[in-house]
Amino acid sequence: MKKEINFLGKRVRRVFMILSLLFVIIGMYFFFTKGLNYSIDFQSGSVIYYKLSSPLNSNQIANLRDIARSFYSKSTIQTGSNGKEVWIRTKFLEENELKRLTPEVEKVIVKYEGREITTIEPTISRELREKAILAAVLAIIVMLVYITVRFRFDFAISAIINEAFVLLATISIFAISQWEVSPSFIAAILTLLGYAINDNIIVFDRIRENSKKYPKEDFTIIANRSINQTLARTLYTVITTLLAITPLLIWGGVVLRPFILAIYLGIIIGTYSTIYIASAILCEWRELQK
């Protein structure tokens with residue numbers, strides 16, 4: 001018989017569960033002290049985007065930063081496409097303020113091919129945050145109901161805790177790194193919740209089959225065997241997906257980066273958590289019921 005990897009030994013799974021909990025605690029500390037680096041869509045403010053004819057040099061970028069910060073001290077300058085794109089992010093600017101800012105900016109950049117001004121008012125940014133939270137909560141509730149119907153309640157609770165971990169771990173990474181959180185990040189989170197639950201269902205389905213096949217065998221042994229049996233499929237899926245999105249991560253540009261980063265990290269976290277969160281909690285649950 002092919003040798004199995006011992007993923008769910010009592011000591012092994014508890015070590016990984018504790019490490020996972022510590023990581024989330026650290027991430028939540030950063031979240032509540034530093035917060036997330038929200039894009040303009042989630043906080044009131046203005047973004048002025050220029051597509052340039054020629055790349056900006058370091059002196060031009062410094063001059064743009066000084067001009068923007070003369071209007072608002074926390075304004076930021078972000079460049080892309082090797083200096084041929086520039087985003088000026090600042091506070092919510094009234095029309096007369098924009099009319100004063102843009103001529104000064106255009107004196108520095110001289111020539112540009114296109115300009116776009118985006119302004120988000122405070123009420124809109126608040127609505128976006130509320131709807132994003134509501135979407136994530138509704139997704140988790142629907143999944144809880146589905147898994148309870150398809151499997152058992154203990155499977156559902158394990159899966160929902162796993163979903164919460166994927167969500168909190170991804171948020172933790174963004175809070176620690178201060179990578180920008182945009183609406184595409186929310187789309188990525190919802191995608192990851194679906195991806196993680198799909199991975200859970202594959203493993204849980206195999207656990208259910210093996211439980212019927214070996215009714216007298218210890219549950220932890222059955223769960224570990226099920227993970228080993230589905231491991232090749234999981235790895236092939238993960239590697240194929242990561243290979244497909246890696247070019248987008250490298251060459252996708254500034255706008256796509258938050259979405260791709262969230263997907264990239266979330267897939268890895270989701271694969272890890274299927275074993276050391278969902279399956280590990282299920283094993284702990286069954287041991288308490290003995």
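A quick yes/no check of all residues on (1) of a type in the set (A, V, I, L, M); (2) in contact (Cβ under 8 Å) with a residue 40 or more places away in the chain:
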| residue | (1), (2) |
| --- | --- |
| 15 | yes, no |
| 20 | no, yes |
| 58 | no, no |
| 67 | yes, yes |
| 72 | no, no |
* Structure fact -> In the stretch 272-287, residues that are surrounded by fewer than 19 Cβ atoms within 10 Å (Cβ to Cβ) and hydroxyl-bearing (Ser, Thr, Tyr) total 1
* **Conditions (1) within 20 Å of residue 230 (Cα to Cα); (2) without any contact (Cβ under 8 Å) to a residue 24 or more places away in the chain: number failed by residue 177** => (1)
* Asked: Does residue 161 meet the test of being crowded, with 19+ Cβ neighbours inside 10 Å and assigned to a helix (DSSP H, G or I)?
  -> no
* Kindly indicate which of 89, 69, 152 is surrounded by 14 or more Cβ atoms within 10 Å (Cβ to Cβ) and under 23 Å from the mean Cα position of the chain (by Cα). => 89
* Asked: Would you call residue 161 of a type in the set (A, V, I, L, M) and either closer than 26 Å to residue 79 by Cβ or in contact with a His (Cβ under 6 Å, 6 or more places away or on another chain) (or both)?
  -> no
* Structure fact -> Among residues of the stretch 180-218 being within 22 Å of residue 143 (Cα to Cα) and of a type in the set (S, T, N, Q), the residue surrounded by the most Cβ atoms within 10 Å (Cβ to Cβ) is 200
* Structure fact -> Residue set 223, 232, 278; condition in contact with a Leu (Cβ under 8 Å, 6 or more places away or on another chain) and not assigned by TED's automatic domain parsing to the domain that holds residue 81; output residue 223
* Could you identify the single residue in 184, 172 that is assigned to a helix (DSSP H, G or I), at pLDDT below 85 and touching a Phe, Trp or Tyr at 6+ places or on another chain (Cβ under 7 Å)? => 184
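The values are calculated or read from the model by the stated rules, or taken from the named source; none is laboratory data. Keep in mind that what you see is a predicted model, and the values were worked out from it rather than measured. FYI the Cβ positions are ideal-geometry reconstructions off the backbone, even for glycines, and counts take in every protein chain you see.
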